[in-house]
Amino acid sequence: MRSAKDDDGPVLYFTEAEWDAFVAGVKDGEFDDLLEEEPPAQA
């Protein structure tokens, strides 16, 4: 992953396991405390 504004900039590389862990964390709400507002309640 790299900045679209700087094609020659540094590259962030994530293994498949790291990416899977991140996605699982998002789905599990691990980062919800970073939101400015509370997400709507799920039905």
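The values are calculated or read from the model by the stated rules, or taken from the named source; none is laboratory data. The model shown is predicted, which means the values in this text are computed figures rather than measured ones. Glycine also receives a Cβ, built like all others from the backbone with ideal geometry; neighbour counts cover every protein chain displayed.
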Collect the residues in region 12-26 that are part of a loop (DSSP other than H, G, I, E, B) and modelled with pLDDT of 90 or more, keeping them in residue-number order. 13, 14, 15
Look at residue 39 and say whether it is outside any helix (DSSP H, G or I), touching an Asp or Glu at 6+ places or on another chain (Cβ under 9 Å) and at pLDDT below 95. yes
